[in-house]
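Undergrad: Below you'll find the structure I mean.
The values are calculated or read from the model by the stated rules, or taken from the named source; none is laboratory data. None of the values given here were measured: they were computed from a predicted structure. For neighbour counting, all protein chains shown are included, and Cβ atoms are generated from backbone atoms with ideal geometry for every residue, glycine included. For accessibility, only protein heavy atoms count, side chains too; no ligands or nucleic acids. Shrake-Rupley method; radii C 1.70, N 1.55, O 1.52, S 1.80 Å.
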Amino acid sequence: QICNQHNAEAPNLEQVFHRMAQTEPNLDHDISWFLLPSYWAKIVVALISFLCFANSYDGDFVFDDSEAIINNKDLRAETPLGDLWHHDFWGSKLSSNTSHKSYRPLTVLTFRINYLFAGGFYPVGFHVINIILHCTISVLMVDVFSILLGGLQFSNKGRRLNLAPKTSLLAALLFAVHPVHTECVAGIVGRADLLCALFFLLSFLGYCKAFRENKEGHNFSIFWVLVSVILGAVAMLCKEQGITILGLNAVFDALVINKLNVLELIQKLLHKDKSLENAGLLRKGLLFRITLLMSGGASILYIRWRIMGTGPPAFTEVDNPASFADSLFVRAINYNYYYSLNAWLLLCPWWLCFDWSMGCIPLIKSVSDWRIIALAALWFCLIGLICQALCSEDSHKRRILTLGLGFLIIPFLPASNLFFRVGFVIAERVIYLPSIGYCMLFTYGFSLLSKQAKKKKILAVAVLGILLINVMRCALRSSQWRSEEQLFRSALSVCPLNAKVHYNVGKNLADKGNQSAAIKYYREAVRLNPKYVHAMNNLGNILKERNELQEAEELLSLAVQIQYAEQSYWTAIKHRKKYPDCYYNLGRLYADLNRHIDALNAWRNATVLKPEHSLAWNNMIILLDNTGNLAQAEAVGREALGLIPNDHSLMFSLANVLGKSQKYKESEALFLKAIKANPNAASYHGNLAVLYHRWGNLDLAKKHYEVSLKLDPMAPGTKENYNLLRRKLEQLQKKGG
């Protein structure tokens, strides 16, 4: 179906495309690079991308592959195929509190097909598919970059023209050989990112096809716009980042198809310019297409939300320590530091690691930390690029920089901690899609340098050298992913503070009979994480065999204390199944060990056996609140109050959650109800004062701060908050006077 939209003031799309080719500068003109026919360019990219990762084809199942593949019951024939749509990536039910909430059924389906065709868990077939997927994606990148760098134009026969064959080949080669992609290609679990990227690119190319047939006015194919939305949904069913392509399609439409000048539009909006209709946003067709994209995206997200439930997964401090910092300043500084590290991995992918958790990157806690320089450098570069993207008089530069930044930033947003907590500090696999934007910006920068350089061939040789170094780095990194021993050892120099790395290296050595060498790594793992029970157990057993009994006894005793407490609770539960207090105490043990999901499950069991178990309900609300799962905390709090409506401690806990969710009126009502039931609780008055303080009711805040301090002069934080409020009131009085 072709939708015909007419606008007397808007130019014909065919004329727009023709004029684009005539008037816009050609990036290829100034660079000294290979000019190949399209099919040869794609063959070269495919061969080089294959060369980079070919040596990973016979690797083992390593790291997360065990959980996602070997231990995942969804791969086996006896598991009904329909279960894939109700389970997460790791085979757990999405409704379970232990679920990781990673909903990627299409990726799991490909694993299942691999397993069935191979007749078992043979890794070669899994690796070969990953390599083929990356080669296919790299070939598609030639077409994608030709559009992003050269613009979108079709011949009279409807064939898309490549207006930037040299730069699109260079950008595709940079993408194909980037070492940061090794985790996605050589690690089988990375197939989620590869499949997501494949359908992400197909969605983009499908959207471009919507403008292929041009007759008169703004003609576009609704069919291809809808196909693009469907492919975006498929990408999301492979991995969550896939949904971001719909936003990028909208950006592309506005900048390339409608030639929207963002700065001009903002200025007209601010000045309420009556000529806004001609600014591009209100041209017939653009709003309709963006509405289709937004409606499709909203529908996809709603369906996913219905399937997986409202609550995000409960991660631990070990997974993402910055997100558990009490100070907003510390969280913001460290998130930005993580962004700078991701940017550095794109620029200089030399320090690569399979796992960046468990203290690998110490928190920045003050502005005196020298690592603040990395944040400043990142934002200096970003602000510079954004200013050029918005303010440059060169429309070609504006378009390329905006699209480059869009492809760099938008696919990264789900991993940014901005919208929800993620379960990692840095994950190289999530940079697979953002690297498209990096390769685009690098290539554009190379073309600008070539334009200024007198000796263009020297610059071309330098870029060729970068490509060759990246090919060698990919081959080396792929060989490290072939076995767990090589993979874990490769991480020692990158993340020496990661206890898990040392433990895994030690375990590999011990399994091979090299106990003397294993001791060193187990000791370091215990030093870095004094509650690392597995490391304590393994080290203690080795020392016992070597007759170093005193240290062995100390380690095993400490491990046993932690394990025995857990085992004792389970033994008690085994002999007396309806034992809610035992489940409650087990939950407290798990919470102390930062095993948050186990703690929530234990407390949930306590409330199932004893619905009026106030302490278990309260601990669930508090833990969910502290881990940032406010929606789930609110749901649990409401459920608890429905069963125990007069419990003031539950009212207090739920009121805190509602206050953080900015539901001030409902929070206030619960605080007042809790205070009526227990008027002498200083914390109740103190937290109500904080609510009023946030809400802007300063007089009531002052009143309840004073009551709280009268009841407990040493109440933590209350005195500081009260002093802040007094200073604010004094400033307001001075202004009023």
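Undergrad: Looking only at the stretch 66-83, count every residue that is at pLDDT 90 or above, surrounded by 14 or more Cβ atoms within 10 Å (Cβ to Cβ) and either more than 27 Å from Glu484 (Cβ to Cβ) or charged (D, E, K, R) (or both) and tell me the total.
TA: Matching residues across the stretch 66-83 total 1.
Undergrad: Going through the stretch 54-65 one residue at a time, which ones are open to solvent by less than 10 Å² (accessible area, probe 1.4 Å) and not in a loop (DSSP other than H, G, I, E, B)? Write out each step before concluding.
TA: Taking the stretch 54-65 and keeping what is open to solvent by less than 10 Å² (accessible area, probe 1.4 Å), we get 56, 59, 62, 65.
Residues satisfying the conditions are Ser56, Asp65.
Undergrad: If you don't mind, there's one more thing I want to ask. Look at the stretch 648-694 and say how many of its residues are more than 18 Å from Tyr722 (Cα to Cα) and among the aliphatic types (A, V, I, L, M).
TA: 12
Undergrad: Here's another thing I want to ask about it. Identify, please: which residue in the stretch 524-560 is open to solvent by 90 Å² or more (accessible area, probe 1.4 Å) and either among the aromatic types (Phe, Trp, Tyr) or under 34 Å from the mean Cα position of the chain (by Cα) (or both) and is, among those, nearest to Cys360 (Cα to Cα)?
TA: Arg527
Undergrad: With (1) open to solvent by 30 Å² or more (accessible area, probe 1.4 Å); (2) within 24 Å of Ser327 (Cβ to Cβ) as the list, and Cys391 as the residue in question, which single condition is left unmet?
TA: (2)
Undergrad: Which of the residues spanning the stretch 394-414 are surrounded by fewer than 21 Cβ atoms within 10 Å (Cβ to Cβ) and either over 23 Å from the mean Cα position of the chain (by Cα) or modelled with pLDDT under 90 (or both)?
TA: Within the stretch 394-414, Asp394, Ser395, His396, Lys397 qualify.
Undergrad: Got a number for residues in the stretch 649-680 being farther than 18 Å from His693 by Cα and basic (Lys, Arg)?
TA: Total meeting the criteria: 2.
Yes/no per residue for (1) small (Gly, Ala, Ser); (2) at pLDDT below 90:
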position	(1), (2)
Asn626	no, yes
Leu630	no, yes
Glu639	no, no
Asp647	no, no
Leu650	no, no
Ser653	yes, no
Val657	no, no
Lys660	no, yes
Ala681	yes, yes
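Here's the yes/no breakdown for (1) in a helix (DSSP H, G or I); (2) of a type in the set (A, V, I, L, M, F, W, C); (3) surrounded by 15 or more Cβ atoms within 10 Å (Cβ to Cβ); (4) at negative phi:
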| site | (1), (2), (3), (4) |
| --- | --- |
| Val690 | yes, yes, yes, yes |
| Pro713 | no, no, no, yes |
| Lys719 | yes, no, yes, yes |
| Asn723 | yes, no, no, yes |
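Undergrad: Mind counting the residues in the stretch 423-450 that are at pLDDT below 90 and touching a Ser or Thr at 6+ places or on another chain (Cβ under 8 Å)?
TA: Summing the residues that are at pLDDT below 90 and touching a Ser or Thr at 6+ places or on another chain (Cβ under 8 Å) in the stretch 423-450 gives 3.
Undergrad: If you take the residues of the stretch 213-251 that are under 20 Å from Val108 (Cα atoms) and aliphatic (A, V, I, L, M), which of them is surrounded by the most Cβ atoms within 10 Å (Cβ to Cβ)? Before you say what the answer is, go through the steps one by one.
TA: The first filter runs over the stretch 213-251 and keeps only residues under 20 Å from Val108 (Cα atoms), leaving 230-243.
Remaining after also requiring aliphatic (A, V, I, L, M): 230-231, 233-237, 243.
Details: Ile230: 14, Leu231: 23, Ala233: 22, Val234: 19, Ala235: 29, Met236: 26, Leu237: 23, Ile243: 22.
The selected residue is Ala235.
Undergrad: For the condition out of contact with any helix residue (DSSP H, G or I) (no Cβ under 6 Å at 6 or more places or on another chain) and open to solvent by 10 Å² or more (accessible area, probe 1.4 Å), what is the one hit in Ser614, Ser649?
TA: Values: Ser649 fails: out of contact with any helix residue (DSSP H, G or I) (no Cβ under 6 Å at 6 or more places or on another chain).
One residue alone meets the criteria, Ser614.
Undergrad: Could you check, for the stretch 261-269, whether at least one of its residues is basic (Lys, Arg) and either in contact with a Lys or Arg (Cβ under 6 Å, 6 or more places away or on another chain) or modelled with pLDDT of 90 or more (or both)?
TA: So the first thing to find is which residues in the stretch 261-269 are basic (Lys, Arg), and the list is 268.
Cutting the leftovers down to either in contact with a Lys or Arg (Cβ under 6 Å, 6 or more places away or on another chain) or modelled with pLDDT of 90 or more (or both) gives us none.
No, the stretch 261-269 has no match at all.
Undergrad: A follow-up question, please. Within the stretch 360-374, is even one residue of a type outside the set (S, T, N, Q), part of a helix (DSSP H, G or I) and open to solvent by less than 50 Å² (accessible area, probe 1.4 Å)? I'd like the intermediate steps shown before the answer.
TA: From the stretch 360-374, those of a type outside the set (S, T, N, Q) are 360-365, 367, 369-374; that's our starting set.
Those still in the list that are part of a helix (DSSP H, G or I) too: 372-374.
Remaining after also requiring open to solvent by less than 50 Å² (accessible area, probe 1.4 Å): 372, 374.
Yes, some residue in the stretch 360-374 is of a type outside the set (S, T, N, Q), part of a helix (DSSP H, G or I) and open to solvent by less than 50 Å² (accessible area, probe 1.4 Å).
Undergrad: Which residue pairs have Cβ atoms closer than 7 Å, lie 6 or more positions apart in sequence or on different chains, and pair a first residue in the stretch 135-147 that is free of Cβ contacts under 8 Å to residues at least 60 places away in the same chain with a second residue that is part of a helix (DSSP H, G or I) and open to solvent by less than 10 Å² (accessible area, probe 1.4 Å)?
TA: Close Cβ pairs satisfying both conditions: Ser146/Ser168.
Each row is one residue, and each column tells you yes or no for (1) open to solvent by less than 50 Å² (accessible area, probe 1.4 Å); (2) part of a loop (DSSP other than H, G, I, E, B); (3) modelled with pLDDT of 90 or more; (4) in the same structural domain as His181 (by the TED database).
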| position | (1), (2), (3), (4) |
| --- | --- |
| Tyr337 | yes, no, yes, no |
| Asn342 | yes, no, yes, no |
| Leu345 | yes, no, yes, no |
| Trp351 | no, yes, no, no |
| Trp356 | yes, yes, no, no |
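Undergrad: To continue, here is another question. Residues that are open to solvent by less than 40 Å² (accessible area, probe 1.4 Å) and under 17 Å from Phe145 (Cβ atoms): does the stretch 420-431 have at least one?
TA: Looking through the stretch 420-431, none of the residues is open to solvent by less than 40 Å² (accessible area, probe 1.4 Å) and under 17 Å from Phe145 (Cβ atoms).
Undergrad: Here's another thing I want to ask about it. Consider Arg371 carefully, then state whether it is within 14 Å of Leu341 (Cβ to Cβ) and in contact with a helix residue (DSSP H, G or I) (Cβ under 7 Å, 6 or more places away or on another chain). Please lay out each step first, then the result.
TA: Working: within 14 Å of Leu341 (Cβ to Cβ): yes; in contact with a helix residue (DSSP H, G or I) (Cβ under 7 Å, 6 or more places away or on another chain): yes.
Considered against the rule, which asks whether it is within 14 Å of Leu341 (Cβ to Cβ) and in contact with a helix residue (DSSP H, G or I) (Cβ under 7 Å, 6 or more places away or on another chain), Arg371 comes out as yes.
Undergrad: Which of (1) modelled with pLDDT of 85 or more; (2) open to solvent by 60 Å² or more (accessible area, probe 1.4 Å); (3) within 30 Å of the chain's Cα centre (by Cα) does His502 not meet, given it meets every other one?
TA: So the condition that His502 fails would be (2).
Undergrad: With the stretch 491-547 as the region, which helices (runs of 4 or more DSSP H) entirely inside it contain at least 1 residues that are of a type in the set (Phe, Trp, Tyr) and free of Cβ contacts under 8 Å to residues at least 60 places away in the same chain?
TA: Values: elements: 499-511, 515-528, 533-545.
So the answer is 499-511, 515-528.
Undergrad: From the list Leu385, Leu346, Leu403, pick out the single residue that is farther than 25 Å from Arg191 by Cβ and in contact with a Phe, Trp or Tyr (Cβ under 9 Å, 6 or more places away or on another chain). Quick ask: steps written out before the conclusion?
TA: Numbers: Leu385 fails: in contact with a Phe, Trp or Tyr (Cβ under 9 Å, 6 or more places away or on another chain); Leu346 fails: farther than 25 Å from Arg191 by Cβ.
Result: Leu403 is the single residue among Leu385, Leu346, Leu403 that is farther than 25 Å from Arg191 by Cβ and in contact with a Phe, Trp or Tyr (Cβ under 9 Å, 6 or more places away or on another chain).
Here's the yes/no breakdown for (1) crowded, with 18+ Cβ neighbours inside 10 Å; (2) assigned by the TED database to the domain that holds Asn723; (3) within 30 Å of the chain's Cα centre (by Cα); (4) under 27 Å from Gln733 (Cα atoms):
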site: Asn629; (1), (2), (3), (4): yes, yes, yes, no
site: Ala633; (1), (2), (3), (4): yes, yes, yes, no
site: Pro645; (1), (2), (3), (4): no, yes, no, no
site: Ser661; (1), (2), (3), (4): no, yes, yes, no
site: Lys676; (1), (2), (3), (4): no, yes, no, no
site: Pro679; (1), (2), (3), (4): no, yes, no, no
site: Gly686; (1), (2), (3), (4): yes, yes, no, yes
site: Gly696; (1), (2), (3), (4): no, yes, no, yes
site: Lys710; (1), (2), (3), (4): no, yes, no, yes
